Each structure stands twice: as structure tokens, then as C-alpha cells.
Amino acid sequence: MKITKDYRFIGKATPRKDAAEIVTGKATYIEDVELPRMLHGKVLRSPYPHGLIKKIDTSRAENSRGVRAVLTYKNVPEWKTGTPRHVRVLDKKVKFVGDAVALVAAETEEMAMDALAHIEVEYEQLPAVYDVEQAIKSDAPQLYDEFPGNLMPLDVPVFGPRTLSSIVLGDVEKGFGASDFIAEGTGSYENIANPLPLEPPGVIAEWSGPNSLTVWSATQSASWHRFIMLSKMGFPDIRTISTQCGGSFGSKNYSAQPMFYAAALAKSTDRPVKVCFSKEEHFGAFVLRLGSRFRGKVGIKKDGTVMAVQGEWLVDTGAFSDMAQAQIAVGLGELQLMLKCANWDINTKLVCTNRNASGVVRGFGGQELESALIPILMQTLEQGNIDPVEFFKKNYVKPGQGYYWRDGNHWVSKSKDYTEAFERGAQTFGWAEKWKGWLKPSAVNNSKRVGVGVGVHGNADVGEDVSEAYVRLNPDATVTIHACVAESGMGQRSSLCKMVAETLKLPLERVNITPPDSLINPFDFGLVGSRGTYAVGSAVISAAEDAKEKLFKMAEDVLEAAPDDLDSEDGMVFVKGSPDKGVPWRSVIGLMHTCTGFGRFEPDYSVPNFIAMFVEVEVDVETGKLDLLRVVTATDVGQIIDPPSLAGQLHGSIGSAGIDTAIFEESVLDGNSGHMLNLNMMDYKWRSFAELPRFDNTILETPIQTHRYKAIGVGEVSTSPGPSAVFMAASNAVGKRLEGYPLTPDKILEALGKINL
Amino acid sequence: MADRTDQRRDSIVLIVNDVTHEFGIGDHRYQVAACDTLAKTLRETLGLSGTKVGCNQGACGSCTVLLDGIPILSCMTLTVECDGKQITTIEGLQNKETGKLDEIQQAFIDHSAFQCGFCTPGIIMASRALLNKNPSPTETDIKDALSGHFCRCISHYQVVEALQTITEKKKK
Amino acid sequence: MKAFKHITANSVEEAIALIRTHNGKACLIAGGTDLLGVLKDEILPDYPAAVINIKTIPELDHIKKNNDGLKIGPLTKLADVVAHPLIKKRFSCLSQAAAAVATPEIRNMATLGGNLCQDTRCWYYRYPQHVGGRIMCHRKGKGPCQAVKGDNRYHAIMGAKVCFAVCPSDTAIALSALDAELEITGSQGVRNVSLNEFFTTLGNILKPDELLTNIQIPYPPKGAKQAFLKFTLRKPVDFAIASVASVITMQDGICKAARIVLGAVAPTPVRATDAEASIIGKAADGVVIEEAAEAAMAGAKPMRMNAYKVEITKTLIKRALLSIFQ
């Protein structure tokens, strides 16, 4: 469906602005940045999951060749990150295997590594706890004095005083009373998978004065390292610059640990310091998904009306929390988008345990909650013999329906009705032919059973937080966008140029965007929650409109016409209808002037986006092997901005700890010693070129009226419906209720009764 | 201080992108240490930072370069063992005189066959080796040849499409 | 990577002399795809003072036909093993096994000898030094096997007592099924051992001053059929969760000779002699195949988390035999 008008750039595939640099190897990533006098920082890491440093001797390391600084908990700055603030640069207490114990800065990486071996540490080992329910028992080891019972507070200061941490509405007992089908149980999505961008995290820090810090980092949202870190570091003036970022998927929004290490070492050496994690550190000491366990009960009516959802959501954040509370808030909101229900009673516990911490990951709470809860919900649909496509279609939030969002406020959807997108996706997939009922394979070929499943997900963060932009018209008919927008793979910097080129009717090559640098750009919250198109886009477009208005005002006298009667195309200003009698921008602006417009986007949580995912899997019942055969996504984006970028975001659902967390992706934590066992790219499983499923995107373009080009984003949400859809498909394929993620051969063979675990 | 030399020789020659470089073996700047990987030498000593190190364990393919025309992992190769070898990196694909991009580089631009771009140099090098050996690979040939390349953004579909366009153009 | 001295050997004799000079403080490098991982992660308490390059020994890189069969130099790249027409034709299970190793780039670097001599992939053994320190264990000479109480999903289901790490080599399984013989050269001279004699619970029988110098594979009997199957979670990259190689000779519908070898189930490649015995002299049918698979796994003692490997191995055996019998 294409209702929108034909544009010059919008909706057309145009090369990425940085394409030539990327394909020639010239794009500069954090490891490629070399600064004069730069030192290299390395981290000594804890061998124990929980312990106290009794003694630490750094004297040999300090005298080691090329070493310029050695820091321990005794001499690091008093900075604290985390929510609430609880994570020091280095602590006397270590809380997971791989936790930082000491930092070294040296002239070369090798020298820093050599010095680490010369630091002598004595620990007092403490008992450790890894399981979320063990951790909240009264006799469990305690990670923090300030969090008794290992329970962390659920407030998110930037979300306001009413941060969503539970959903308590209506009367669940009544709801269950009126239900035809009820299922109860525990669902667990605890593979704490790693979003695993190819490039490990890295930061370079340099102090240009006692209170003036510059930070270069691989990040997807340049401004976080300024506005989130300011208060945590005692309010230095932080300038953050994003290099080209080798993938993030949420995780590199924020590199608090490497940033702390680099900044602390830079401070004590008064030289720039680079801290780039190795891949092993990336696995063992950087962002994982949240652990998610849902224990509860769901009741529905025969017609698929959800009557009550009740339960406790246990969220495991590992050794500390940066953003777990925010993910809980958003996850609870997203659940309400997916399930229309009048009676809720969901409470949440956020628990810390002795493993590498969870952080920000695409899916942001919703994927974790839904993947744990849907297996329980599935049982009600199974009892009622209800087609999940009909169920999800009926229950996804419609315009005029409401939900409580992350801020605790009630919002009413002004988005569109996604029913048609859902139906078109089902059609593309052939759902009607393939769906044979619950726990029934859609095809059987010898030992291979084929099954289908579906999932839905949406997010109202499309309009989250603030974006500001300047658009500067230059007399040579070029345009500079000032917006603090990084490039970690979404192509959004190029898409913003397209939106501005379209607005100002200029060739695309004349529009450029400033580097993601907080010093030269106004505030932008960053590329999260699919907000790039809607929030950032709206800000740059309104800055472009503002600049155009100013330009026409300036042209008033030159062209002797009212601004309203003027138009501009390809760098000429003219009276509407007389493009041949125009004057060039330089005649209007003047050679020594520029014309700058400003735009701002204010938060708006009333436009949820949507994605449905249909999957077909094949299970070999003799080996337990699960293969992904086909994926069909269905969404409605209002207006496509750049087709290949959108396709990339949707295909991305099989990367970044998405669909494959139901198949083979997991971080394996040793339950005895607390070691992360698969911290290499052989043992951590990822999908290769050799095993790509057939993949189709069904993309509708029903205009969304609140955006200049009628568009909203869907990038962030694509991973989320995948795991539960695969879970459903695999259960149907083998004809058994399965348990847990990922569905590796051991779990499937056990469900089939072929082995006993 | 451990010995970082090669007992048998004091220098090696690498021919990188048709330029011959001679390195002393040792621990000084602009020398090559015995334990230096080819990836490190290319990136840090020669400044050819287009070769990316992703996992540094030989499992992701991002450091792939051509050694005498064959795709290998530069992070799992010792530089001292490349004496006299021809090495081609992503920086060596463009036509030096005209600046024209290699057909694969151009196809990757035309199809936006990348997202974050960190895996792209390695994938392009492996693709170059494939097309040199087999100018008209099937879809399966392409996928097999690239099966050791990790792309977390999932640009696989666009990569395959870009390479298929090249082979289809040639058929015409 | 921590520093070491690098020495190029130009002959087998020189390589042996160099190892002896370094008194156990040297190691050999061929393809390097396994060794450099070991060195980068510093998984072992001893770090070599010297790395001796044997890629420069010309007589170790060849594939030659002789009267007894095929002689493959241990420095032959896996990619060359895969591409060799005679290997593809007469020693197909080796060709398939080599093709199943890792990734194309690794097969361009890794050698057949290296694939046989590579160290185990046990994740306790391989845990890197730089994320809290290496994990000590029986294989490293200190402490118990960590897999016994730990996460042993990929560990041995049979034949292990002190170390439950499995032999990771795919080509070893095929070479064992093909009844290959290995030539080992050391300061004490040359010795020949069968493939299965080569492997031990903690690795192989190579003495510190010995190296693999040839792999001799006899022609399989006329009419012999071969199969190699490897089970992994993913097609490329992965080491085997279980693998099976078999070479079976049929005559008039009756099995005359059989070699069935199992990989990744034990510290060494395992010849499933009971399974072999159970099919020899019999006509191939579903029952015989089923019995063979059961016989092969009769002695399996899975650990807490790896009973699934028993089922998978059985299935692989059945499928391998089925593909041969059909």
C-alpha cells in the first residue's frame, strides 16, 4: 500500500554517505584512532566470583618497563556509575570472575599486559550466588551492603518519580473467575546472551584541564558519555566524540567501565589513554542480556480476550545495574502493547548476582519479559485451540487504546491499526496453510518435523526523549546538519541527510552532517528505541524548515515577494511557479553569512510501532537439532526512508542475541566457579552465511500523520518477537511443550523422552 | 626481557599491495617482533588499519587478507613467517592510477551491503579471492566461501545480492 | 601475544635439533591456527621461549601416490586435502572430514598434521589467562578435571577417567577409519604407529623431541564404501559434538570388513569394535544397523549434561551405515 507521494530521495535506495570509507577500509573505528602521547590501558581481572582484596602489591608492576600508572581501589577517583550509583571505578570487593582489580597504563599494549602479571593480589574468597531465586533467600551471599537481599531499587530518575515497575490494574481474581482457560507456570529466558557487536568496546580519554575531559568512543549514542556520566564523575566538562562504531545493538550506547578506566588512567598520567577490550573481555566483562524468569498465571476467554495476567517477574542483572530498571519499565510497557487486558498484577524484583553484568541490549526488557511469559500464555491458547495469529491480532494495541508507559503515565495510542500488516505478513508466510493447530507439525519428512510459530512486539519509545538539531544553509548551496548522531550501522546519519535534502529540495550530496561530537552539536538522546526516524528525524526536519523560513524571510526584499510565496530548489530561491527567475542562495544569504534553523523534538509516547514475526523451523527428532528455515517479518513504517537500511534492521533480528537465542545462542556460566566458559567466538554460537534462512519482509506504508514524511522507525524492535516465535514453532514441530532457551539438542531430546537429564 | 628475534635472520621483506617493505626483526618501532601477527604489522607498523581485528582468535574472519592470492587470517599469522610473500589488503584493491574502486567495493556501495562496516573489509577480501578463483559462483559457493565471516548486523542477504549482481553482469 | 624467539627450521633434523637445544622450552608451529590461540590466551602455565617454524621444511608438504596407497605430508594444508581429486575419489571420508573443519580461511592455513596434533577444546582447559586467570586441571598437571562437576555438555561420554576433554580432530576420525599409519621422527630415529596408537588421554604419544613426518593411508579394500558425518550446532566454525567415520566392505550384500570410528565422544578417537563385529558377516538391514549403533554405545557413561551425545552418536552411526548400505 503506497499512499504517500513520490519523493526525490525518501523511499529510494541511496548509497550510504560513509559507503566509500567503509568499503575501502578508511572508516575510522576506535582501535584506529591514535593520538600523540597516547598510552594504552589494560585491566587486571578477578579470578573469583566474589571476594575481598586483602592485599595488593603493585610495586613490581610500577617499575615494569614502559609503565606510567598503576591504579587500584586505593587510588582511583571517587566516581560511581550504575542505577542507583553503586559501581566504583575499582572496588575492594570483586563481584564476578573478570571484575576489574587493577589498571595499568603503559607506552604499549604489550608493556601494559606484561605489567599486569607483576601485580600481586591476595583475596579473601566469599561465597557466590548465581541464581536469581537463590540470591533473594535470607542466607544468600550479599553483593552490596546497600542492597539487602540482593534486591535493587526500581527507580529510574530520568523517567520521573512514577517509573513503571509493576502493573497492577483491575481485579485479577475476577478476571481469572471469568476466564475459560488458565495456565500457570514458570517461564525462563536466562541465556544471558551477548549482543556481541564484532568490534569490542573501546574508549580513549584525555584531560585538557583539571575539569575538562574529552572522550572518544565506539558508541551508538554519542551524548550518553556526557549527560549520563556528568553527575557520576563530579561534573567535569565532558566532550564526547563517537568514532565509527563497529556494531552496538544497544550495548555500546554506554561504555561506563572502559570510560572510567581510560579517564582514571588519563587523569593520573596526564596523557591520553586508550582502553580497548579484547574479545575475551568483551565476553567476560561487558554487556549481556538481562536474565528473565516469570512465575505466574494467565487467563483468557474462548474468544481470545485476555482476562488476567498475574505473576512475579524476576530480573537478574548480574554484578551491577546500569539500565536494568529502565528495561523493566519499558518491558512492562511493551507487554501491555502486545496484550490488551483489564486485570493485571505483575510485580518485579531486580536481583544482583555474581556474574558479569547485564546492560543495554536491543529488545530492552520487552524481549526478555515476553520470551519468558509467552510459553505460559501459549498453554492457554493450546487449551482453547486458538490460532495465535488471531489472538495476537486481536490483542495488539489499537488506536484509541491505552497503556501505562515507562514514566508511569497513561498514554493513548495515536498510532495506526496494525491489523493489515499482520494479515499481510501471515499471507506472505502462508500461515493459513501451515498452521495445523497446537503441538502439531506442519510437515513431517522422515525424522524431520517442520513447525511454525509467530510473535509480535512493539515499542512506544519511537518518540522517546529529546532531540535537537541545527540546520545551516551555506551560501554555496550546501547544507550542514548539526546533530549529535553516531553511526553504528543503522545508516541514520545518511537517512537524516535524505530527510533534509528532501525538505530543502537539494541534491543529496550537498547535504552533510557534522561528526558526532557533543562540543559542536546540540543535545540528542541518541539512536535508541527506534527513535532515529521519528524523534531525531523530526528535529532535523523542523530545523531545516526553520532555516528555509529564515531564508525566505531574507529573500523577501531580493525577490520582492512575501516569504509564503517563495520556494527553493537546487540552491535557487524563486517565486512559486517561476523557478526560472530565481536567485542563488549566495545572493540571498551573502558570502560571509550563513542561515541557520533550529529544531527540537519533545518526547511523545503515543505512537507505538509494531513488528510481527512468522517463523518456520525444522527439528530432527533423532538428533534434536533445530534449524531455522524461514522468517517473515510484518510491519508498517508509514513511509520507508531508505529501503536497504530498513531491510538491514529487519534482517538484524537473526543477529544481536535475537532469534538465535532460541536456537543456540547463550553465555555459559559455570555454576561452580562463576567462570564464563564460552568467551570466544567458537564456543559462543552465531549464525553464519552457510545457514541463512529464507527471509522476507512485508512492509506496509500507512502514513503516520505526526511525522513530516509520515514515517516511524522499527529498527530496535526486530529481534524481540523472534525467540518466543521459534519456541512456539519448535514445540509445534515436535508435538511437545518445550522448556527453556536455547532449544539445544539436549532440551529437545529430553522433551521427546529420548534422554533423561 | 624475553627474546623477540628470529635466530636465522635479521630482516624480512613483505610485498604489501605491490609495495615492498623491509623490516628488521626486533623490538623497536618500525621493526617486526617475532611474536607480531600480520594483522598487527599491517595495522600498527604499516598504518593499514583497514584490516580489522574482531576476535583475534581466528574465528570471525574480519582480519582476512590475501597471502599470495589466498585468503588467510592475519590475526593467526606470524609476520616473520610471511617473508617474501605478496599480501593484499583492503587498501590494495582500488586501482592505484585511476582511483577506481574494485567491482566488489562498488557493488557493496550500490547494495548497501554492510551496516556497521567492521566486517566489510574481511568479507570483501574473501569475496575477491572467490571471484578470482571462480568468476561465476553460485549462491551456495558464495555462502560457503564467506562462511567464516561473522556479521552481527546481518548484512548477509545484501552481500550475497551484491556479489550475485557482479557475476550476473559478467554473464551478460 | 607475549614475546618468544622465532626460529626457522629447514629440515626435520634441524627441527629436532632445535627442540633439543631449547630443552622443552620450544614448540613447533605449522599452520598456527591452534597454537597462536593457545599462546595468545596463555592457557598453559609454561610459555615457550622459542617457536620453531616447520612450514619451511619442504619435504613435509606433499601428497604422493605409492604402492601401498597415499602418503600425505603433515604440512599439507587442509584446503589441499579437500581439493585433491584422488583423495576425493578413493579416500572420500578424509576429504569430507577435512572439509568439515572450521572455516575456509582456516583450511587455507591449517595443516593435516596440525589438525591431528591440535590441543583439546575443553573450555576449562582453554579458559584465557586474561579474564581472571587460567583454570588449572588434571590435564595441566594440577587439580581435578573441572568438567566432572562442571558444565560437561561437550565432554566425553566414554573412555575417560582423569580428563574428560575430547579429541577435537575431525581428520583423525577419518584417518582412523582408513587405517592410516603415522610416521614419527625424533632424535632416537623414526617410528611408525597406527592412528589410534598415536592418541592418548592427554593428547598424543609425541615425545618433546619428536614430530609427525608422514601420514600413510592404505588404499581401502576394493568395493569399500566410506562415510563421514559430523554433528555440530552450526555447519561452519564448530568443532564436533560427535562424529563418525566408517569404511565398510560389502560383498554380495554381506559385510566383509568394517571400520567404524567415533569422534568427540572420548579423549581419543574410538574404534567401535563391538559395532564392527556386530555387522561383519551380516546382510545390511535396519535391525543390523540398529544393533550396531546400540553396540557402539553400550559402554557409554554419559556425564550429567551430555546424555544427548549418546543419542546423537547412535543416530550418526545409523545414518553413516545406512548411507553406505544403500
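Only the coordinates and a few stated rules stand behind these numbers; no lab work does. The model shown is predicted, which means the values in this text are computed figures rather than measured ones. Cβ sites come from the backbone with ideal geometry, for glycine too, and all protein chains shown count toward neighbours.
Measuring from centroid to centroid over Cα atoms, what is the spacing of the stretch A:475-497 and the stretch A:109-132 in Å?
43
Could you give the distance between the Cα centres of the stretch A:640-704 and the stretch A:180-218, to the whole Å?
Answer, in whole Å: 16.
Averaged over every viewing direction, what's the projected area of the C-alpha convex hull for the stretch B:9-155? Give it in nm², one decimal, please.
Here the figure is 8.9 nm², rounded to one decimal.
What number, rounded to the nearest 500 deg cm²/dmol, is the helix-based mean residue ellipticity at 222 nm of chain A, given -39500 (n - 2.57) per DSSP H run of at least four residues and division by all its residues?
-7000 deg cm²/dmol
So which trypsin sites (Lys or Arg not before Pro) in the stretch A:541-579 are both in a DSSP loop and have at most 14 other Cβ atoms within 10 Å of their Cβ?
On the way: sites: A:LYS548, A:LYS550, A:LYS553, A:LYS576; in loops: A:LYS576.
Those satisfying the criteria are A:LYS576.
Roughly what would the spin-label model give for A:ASP627 and B:HIS28, points 7 Å off Cα along C-beta, in nm?
The answer from the label model is 5.9 nm.
In nm, to one decimal, how far is the modelled label at A:ASN512 from the one at A:SER208, with both set 7 Å along Cα→Cβ?
In this crude label model, A:ASN512 to A:SER208 measures out at 2.1 nm.
Do any GluC sites (Glu not before Pro) in the stretch B:36-134 lie in a loop, going by DSSP, with at most 11 other beta-carbon atoms within 10 Å of their beta carbon, and if so which?
Values: sites: B:GLU44, B:GLU81, B:GLU91, B:GLU97, B:GLU103; in loops: B:GLU97.
In loop regions of the stretch B:36-134 (DSSP not H, G, I, E or B), the sparsely surrounded GluC sites (Glu not before Pro) are B:GLU97.
Residues in the stretch A:515-557, backbone N under 13 Å from the label point at A:THR596 (7 Å along the Cα-to-beta-carbon vector): list them, ranges by number please.
Residues passing the 13 Å test: A:519-523, A:547.
Can you list, bin by bin at 5 Å, the percent of alpha carbon pairs in the stretch A:270-336, starting at 0?
Pairs per bin, as whole percents: 3, 11, 15, 17, 13, 11, 9, 6, 5, 4, 2, 1, 1, 0.
Applying 1/(1 + (r/R0)^6) with R0 = 22 Å to the Cβ-Cβ distance of A:LYS302 and A:LYS340, what FRET efficiency is obtained, to the nearest 0.05?
Result of the calculation: an efficiency of 0.85.
Any chance you could list P(r) for chain A, counting all Cα-Cα pairs in 20 angstrom bins from zero, rounded to whole %?
Percent of Cα pairs in each bin: 17, 48, 30, 6, 0.
For the stretch B:103-171, count all C-alpha to C-alpha pairs, find those more than 13 Å apart, and express that count as a whole percent of the total. Please report the intermediate quantities before stating the final value.
Numbers: 1353 of 2346 pairs.
Percent of Cα pairs beyond 13 Å in the stretch B:103-171: 58.
Tell me the relative contact order for the stretch B:11-92 as a rounded percent, counting alpha carbon contacts under 8 Å between residues six or more apart.
That works out to 37 percent.
Find the Rg to Rh ratio for the stretch B:71-127, where Rh is the Kirkwood radius over alpha-carbon pairs and Rg uses the same atoms.
1.03
Quick one: putting +1 on the C-beta of Lys and Arg, -1 on the C-beta of Asp and Glu, what dipole do you get for the stretch B:103-171 around its Cα centre, in Debye to the nearest 20? The partial results should precede the final answer.
Details: 7 positive and 7 negative charges, 27 e Å.
Roughly 120 debye, rounded to the nearest 20.
Considering chain C as a Gaussian network with a 10 Å cut-off on Cα pairs, which listed residue, C:GLY31, C:GLY253, C:GLY114, attains the greatest mean-square fluctuation?
The residue that fluctuates most here is C:GLY253.
Helix C:286-297 against the longest principal axis of chain C: what's the angle in degrees, Cα atoms only, rounded to the nearest 10?
Computed tilt is about 30 degrees.
Cα-based Rg (one decimal) and Dmax (whole number) for the stretch A:472-620, in Å?
Final numbers for Rg and Dmax: 18.8, 77 Å.
Which Cα, out of A:THR594, C:ALA177, A:ILE167, lies furthest along the positive dipole direction of the protein assembly as shown (beta carbon charges, K/R +1, D/E -1)?
The Cα lying farthest towards the positive end belongs to C:ALA177.
Over all alpha-carbon pairs in chain C, figure out the percentage whose distance exceeds 36 Å.
On the way: 9113 of 52975 pairs.
For chain C, the share of Cα pairs beyond 36 Å comes to 17 percent.
How large is the charge dipole for the protein assembly as shown, taken about the Cα centre, if only the Cβ atoms of Lys, Arg (+1) and Asp, Glu (-1) carry charge, to the nearest 20 debye? It would help to have the intermediate numbers written out before the result.
Numbers: 137 positive and 144 negative charges, 375 e Å.
Value, rounded to 20: 1800 debye.
Please label the shape of the stretch A:128-220 as rounded, prolate or oblate, based on the square roots a ≥ b ≥ c of the eigenvalues of the alpha-carbon gyration tensor (a/c under 1.5 means rounded; beyond that, a/b larger than b/c means prolate, else oblate).
prolate
Which residue fluctuates the most in chain C, going by a Gaussian network model with Cα springs under 10 Å, if the choices are C:SER95, C:SER176, C:SER187?
C:SER187
Which of the lysines could be linked to C:LYS225 by a straight reach, that is with a Cα gap under 21 Å, when you skip same-chain ones fewer than 8 residues away?
C:LYS65, C:LYS71, C:LYS88, C:LYS89, C:LYS256, C:LYS282, C:LYS314, C:LYS318
Taking the Cα-to-Cβ direction at A:GLN134 and at A:LEU35 and moving 7 Å from each Cα, how far apart do the two end points lie in nm?
4.3
Out of all DSSP beta bridges in the stretch A:276-391, what portion is antiparallel? Express it as a percent rounded to 5.
Rounded to the nearest five, the antiparallel share is 45 percent.
Would you be so kind as to identify all helices of chain A, as entire DSSP H runs, whose Cα atoms reach 27 Å or more along the helix's own axis and whose mean Kyte-Doolittle hydropathy is at least 0.0?
A:537-559
Is the stretch A:430-498 rounded, prolate or oblate when judged by the Cα gyration tensor, a ≥ b ≥ c being the square roots of its eigenvalues, rounded requiring a/c under 1.5 and prolate requiring a/b larger than b/c?
prolate
Given 0.36 nm per residue, what is the gain on full extension from B:GLU168 to B:ASN134 after removing their alpha carbon distance, in nm?
Length difference between fully extended and current span is 10.9 nm.
Towards the positive end of the charge dipole of the stretch C:219-304, with charges on Cβ (+1 Lys, Arg; -1 Asp, Glu), say which of C:ALA275, C:VAL288, C:ALA264 has the farthest Cα.
Looking along the dipole axis, the top candidate is C:ALA264.
Calculated FRET efficiency, A:LYS414 and A:LYS436, Cβ-Cβ r, R0 30 Å, to nearest 0.05?
Result of the calculation: an efficiency of 0.20.
Compute the relative contact order of chain B as a whole-number percentage, counting only Cα pairs closer than 8 Å that sit 6 or more residues apart in sequence.
21 percent.
Over chain C, with a Gaussian network built from C-alpha contacts below 10 Å, which listed residue (C:ALA245, C:ALA277, C:ALA174) shows the highest mean-square fluctuation?
Among C:ALA245, C:ALA277, C:ALA174, the largest GNM mean-square fluctuation belongs to C:ALA277.
Quick one: Cα centre-to-centre distance for the stretch A:566-587 and the stretch C:19-70, in angstrom?
Computed from Cα coordinates, the inter-centre distance equals 73 Å.
Between C:ALA257 and C:GLU290, what's the calculated FRET efficiency when r is the beta-carbon distance and R0 is 22 Å? Round to 0.05.
Approximately 0.60, to the nearest 0.05.
Looking at A:ILE520, A:TYR29, A:ASN356, which one has the Cα that reaches farthest to the positive end of the dipole of chain A (charges on Cβ: Lys, Arg +1; Asp, Glu -1)?
A:ASN356
Report the rotationally averaged projected area of the stretch B:11-92 based on its alpha-carbon convex hull, in square nanometres. Numbers along the way, then the final one.
Working: hull surface 18.2 nm².
Orientation-averaged projected area of the Cα hull: 4.5 nm².
Number of Lys-Lys pairs in the stretch A:520-648 under 25 Å by Cα, sequence gap 8 or more or different chains?
6
Of all trypsin sites (Lys or Arg not before Pro) in the stretch B:94-142, which ones are in loop regions per DSSP and have a Cβ with at most 13 other Cβ atoms within 10 Å? Walk me through the numbers before you get to the answer.
On the way: sites: B:LYS96, B:LYS100, B:ARG128, B:LYS133; in loops: B:LYS96, B:LYS100.
In loop regions of the stretch B:94-142 (DSSP not H, G, I, E or B), the sparsely surrounded trypsin sites (Lys or Arg not before Pro) are B:LYS96, B:LYS100.
Work out how much length A:ASN446 to A:VAL558 would gain on full extension: take 0.36 nm times their residue separation and subtract the Cα-Cα distance, in nm to one decimal.
Values: separation 112, 0.36 × 112 = 40.32 nm, distance 8.02 nm.
Result: 32.3 nm gained on full extension.
Quote the charge dipole size of the stretch B:11-92 about the Cα centre in Debye, to the nearest 20; the model charges only the Cβ of Lys and Arg (+1) and of Asp and Glu (-1).
Dipole of the stretch B:11-92, to the nearest 20 debye: 240 debye.
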